[in-house]
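Asks: Below you'll find the structure I mean.
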Amino acid sequence: MRKALALPTVAIAAAAFPLLTMTPALADHDGSYQADLVALNQSGVSGTGMVTLEGNSATVVIEAGGFLAGAPHAQHFHIAAQGQCPTDADDENGDGFVSVTEGAPYYGAIGSSLTTSGDTSPGSGLAIDRFPTADDGSISYERTFDVTEDVQQSFAAGTAVLVLHGVDEDGSGAYDGDVMSDLDPSLPMEATAPAACAPLVAAQMGTAPTGGAETGAGSTAGVEQQTAIGVGAVALVGAAAAGAVAYRRRQADQV
């Protein structure tokens, strides 16, 4: 039977999570970057992200499909880790999902929230009314906004990663299922699991492609799904810390 989603009380802890210390001198990061999205958790998502950086300004274009239709999908730049993506083989506990915690050692913490309007900081990781909704199972997003120095440094260092969240693994048409989220046990894992991921690598083209609305496409429909994915988005920051600790422990055990 489908589990009803309830709104838990969540403390916003994004500001409390320290990113890895970046070098004081800002390396040259201007240019275009491309992310060829790879599906995670059998989401079926595919597509491309393009980012053009000029100073502290970023123009982001995402064209992707295969999402749960009618549901919001959080999307972020993740930074300051390995600059890589997990694979389905990184399901360490064997529950059938690569969770946020299991993926965090690869892609790191939220650097920017790719909202459709307003704030783009990690603190907007739960701004579900400002993330794209995949009305027909696809997202067409374009927005220009300012990025912080730590995000700029991650692009320059090759550790910036594009991650999109929310999967419908059982094909039910909703975020549900018996496996519960690693971030909040009252939520199904489908609501918070990564759906697609790709490192952002220097592109050959000079600028990002154009198209889509200036503040991002996708409506804010799917209110019944917003509670679940919103909790997952804010918890990504804390999960990155937990995942990084687990990764370091595994590395130490191998020495």
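The values are calculated or read from the model by the stated rules, or taken from the named source; none is laboratory data. Since we're looking at a predicted model, the values are computed, not measured. Reconstructed Cβ throughout: ideal geometry from the backbone, glycine too, with neighbour counts over all protein chains shown. Side chains are part of the model used for accessible areas, which takes the heavy atoms of the whole protein and leaves out ligands, DNA and RNA. Shrake-Rupley method; radii C 1.70, N 1.55, O 1.52, S 1.80 Å.
Asks: For the range 221-244, check the following and say yes or no: at least one residue is closer than 19 Å to residue 87 by Cα, surrounded by fewer than 23 Cβ atoms within 10 Å (Cβ to Cβ) and at pLDDT 80 or above.
Replies: Among the residues of the range 221-244, not one is closer than 19 Å to residue 87 by Cα, surrounded by fewer than 23 Cβ atoms within 10 Å (Cβ to Cβ) and at pLDDT 80 or above, which makes the answer no.
Asks: In this structure, is residue 48 without any contact (Cβ under 8 Å) to a residue 60 or more places away in the chain, part of a strand (DSSP E or B) and either open to solvent by 30 Å² or more (accessible area, probe 1.4 Å) or of a type in the set (D, E, K, R) (or both)? Before you say what the answer is, go through the steps one by one.
Replies: Values: without any contact (Cβ under 8 Å) to a residue 60 or more places away in the chain: yes; part of a strand (DSSP E or B): yes; either open to solvent by 30 Å² or more (accessible area, probe 1.4 Å) or of a type in the set (D, E, K, R) (or both): yes.
Judged against the criteria, residue 48 is a match.
Asks: Same structure, new question: Output the number of residues of the range 73-109 satisfying the condition of being more than 17 Å from residue 39 (Cα to Cα) and open to solvent by less than 30 Å² (accessible area, probe 1.4 Å).
Replies: 5
Asks: Within the range 177-207, take every residue that is assigned to a strand (DSSP E or B) and aliphatic (A, V, I, L, M) and give me the one that is surrounded by the most Cβ atoms within 10 Å (Cβ to Cβ).
Replies: 196
Asks: OK, next. Scan (1) within 21 Å of residue 78 (Cβ to Cβ); (2) open to solvent by less than 20 Å² (accessible area, probe 1.4 Å) for the single condition residue 157 breaks and write down its number.
Replies: (2)
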